[in-house]
Amino acid sequence: MVRLWVSLGVVFAVLMVVGMSLRSGPRFSGGSAVLVNSDTKFLNKSDSAVSIDRDATVSRDATVSRDATVSRDATVSDADSQGLASGRSSSEPLLAGDSADEALLHDGSTAPAEKTSSLDIAQELLLMKSTKLQMPTAENALRGREQAIEISVAHYVNGNPLAGDFPGMQRIAFGMGCFWGAERLFWEIDGVFSTAVGYAGGFTKNPTYEEVCSGATGHAEVVLVIYDPQKISLDRLFQVFWENHDPTQGMRQGNDVGTQYRSTIYCYDDDQLQLAEESLKVFQQSLRAAGFGTISTEVTKSQPFYYAEAYHQQYLGKQPWGYCGLAGTGVTCPTGLKVK
């Protein structure tokens, strides 16, 4: 009889212990943690010890890696848990819930999480943009190199030479934004013998495209136009130039922003310079009548021309559906100007 009472007492004690354990311990679903309501340690599927703080919630069927620590009241998503289980570096912070203010490291210490605000990004973009809108000086511009960039011998579209003396021809260089579309504009004109894209108006000798894009050379993207004065007048070339871009935009053309996209006319003799200046004055009157501002086109002469890389030459002849940023103002340029 005594043995019976002892046995019943042992069974009762065991049931009490089990009942308390089930009431206060974690619940499992297929070996995965579902909800933990008190400080405890348990073994996950990989039998790794995990420390879970009080009231921490772990999503259903999530697997937490060995020795990972989750902060109090934190919620860990399936994706985060799986990321830990997949071998995320222990030095990477585990975010405390949805808060980005601090992260709990693998050793339990906290460190501020990296945050990049929209204001920080805007300030950085503004700095980059303002740098590209400022012309460098001869002192702080990139120095360049003696070796000229290699180009093809012949024009991809019409087969005429890209470089040379061009006897009987004249030359002039126009900058009107991205030089891809501008070059196509001129090579399609009767009387134009050849065209080439390049860089001019800056300080760097034989610059690369990447250097020009940095804004540290002072060069503009330009089109060198070789034309036959017996077949086409310079006046006609100016008309094409003025009508196919907006010369009032300063250091940009449309969405293309930077000193390299400024409007320019680089002349090769005094007669060209005189006609260019007269043409500017006439077109300015037309623009003002249409409500546009002051022309910002740079008009000068004797600017060295540096050929751009071969893949830029006649780019839209090779890639007909490539980018073309040309967009005029819709204002017509008067013609009939003559060199006095």
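The values are calculated or read from the model by the stated rules, or taken from the named source; none is laboratory data. None of the values given here were measured: they were computed from a predicted structure. Cβ atoms come from the backbone with ideal geometry, glycine included; neighbour counts cover every protein chain shown.
Assess whether residue 118 counts as being farther than 22 Å from residue 301 by Cα, in contact with a Leu (Cβ under 9 Å, 6 or more places away or on another chain) and modelled with pLDDT under 95.
Working: farther than 22 Å from residue 301 by Cα: yes; in contact with a Leu (Cβ under 9 Å, 6 or more places away or on another chain): no; modelled with pLDDT under 95: yes.
Spelling it out, it is not the case that residue 118 is farther than 22 Å from residue 301 by Cα, in contact with a Leu (Cβ under 9 Å, 6 or more places away or on another chain) and modelled with pLDDT under 95.
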Does segment 300-321 include one or more residues that are at pLDDT below 95 and among the small types (Gly, Ala, Ser)? yes
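Going through 198, 175 one at a time, which residue ends up being of a type in the set (Gly, Ala, Ser), more than 16 Å from residue 296 (Cα to Cα) and outside any helix (DSSP H, G or I)? If you could, list the steps in order and put the result at the bottom.
Details: 175 fails: more than 16 Å from residue 296 (Cα to Cα).
When all the criteria are applied, what remains is 198.
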Name every residue in segment 301-330 that is farther than 20 Å from residue 264 by Cβ and crowded, with 20+ Cβ neighbours inside 10 Å, in order of residue number. 314
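Condition test on residue 296, is it in the same structural domain as residue 219 (by TED's automatic domain parsing), hydroxyl-bearing (Ser, Thr, Tyr), closer than 27 Å to residue 229 by Cβ and in contact (Cβ under 8 Å) with a residue 24 or more places away in the chain? Can you show your working first?
Numbers: in the same structural domain as residue 219 (by TED's automatic domain parsing): yes; hydroxyl-bearing (Ser, Thr, Tyr): yes; closer than 27 Å to residue 229 by Cβ: no; in contact (Cβ under 8 Å) with a residue 24 or more places away in the chain: yes.
No; evaluated as a whole, the condition is false for this residue.
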Scan segment 193-200 and tell me whether some residue there is exposed (fewer than 15 other Cβ atoms within 10 Å of the Cβ) and of a type in the set (S, T, N, Q). no
Filter segment 244-299 down to the residues that are assigned to a helix (DSSP H, G or I) and farther than 20 Å from residue 234 by Cβ, then identify the one that is farthest from the chain's Cα centre (by Cα). 289
Could you count how many residues in segment 157-199 are within 30 Å of the chain's Cα centre (by Cα) and either of a type in the set (Ser, Thr, Tyr) or not assigned by TED's automatic domain parsing to the domain that holds residue 226 (or both)? 2
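Examine segment 322-336 for a residue that is more than 24 Å from residue 184 (Cβ to Cβ), at pLDDT below 95 and touching a Ser or Thr at 6+ places or on another chain (Cβ under 9 Å), and state whether such a residue exists.
We begin by selecting, within segment 322-336, every residue more than 24 Å from residue 184 (Cβ to Cβ); these are 334, 336.
Add one more test, that the residue is at pLDDT below 95, and what stays is 334, 336.
Pick out the ones that are also touching a Ser or Thr at 6+ places or on another chain (Cβ under 9 Å) and you get 334.
Scanning segment 322-336, I find at least one residue that is more than 24 Å from residue 184 (Cβ to Cβ), at pLDDT below 95 and touching a Ser or Thr at 6+ places or on another chain (Cβ under 9 Å), so the answer is yes.
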Provide a single number: the residues in segment 214-239 that are under 31 Å from the mean Cα position of the chain (by Cα) and farther than 18 Å from residue 315 by Cβ. 5
Condition set surrounded by fewer than 21 Cβ atoms within 10 Å (Cβ to Cβ) and among the hydroxyl-bearing types (Ser, Thr, Tyr), scope segment 209-260, selection farthest from residue 179 (Cα to Cα): answer is 233
Which residue pairs have Cβ atoms under 6 Å apart, sit 6 or more places apart or on different chains, and have a first residue in segment 213-242 that is closer than 14 Å to residue 193 by Cβ and a second that is surrounded by fewer than 19 Cβ atoms within 10 Å (Cβ to Cβ) and among the acidic types (Asp, Glu)? none
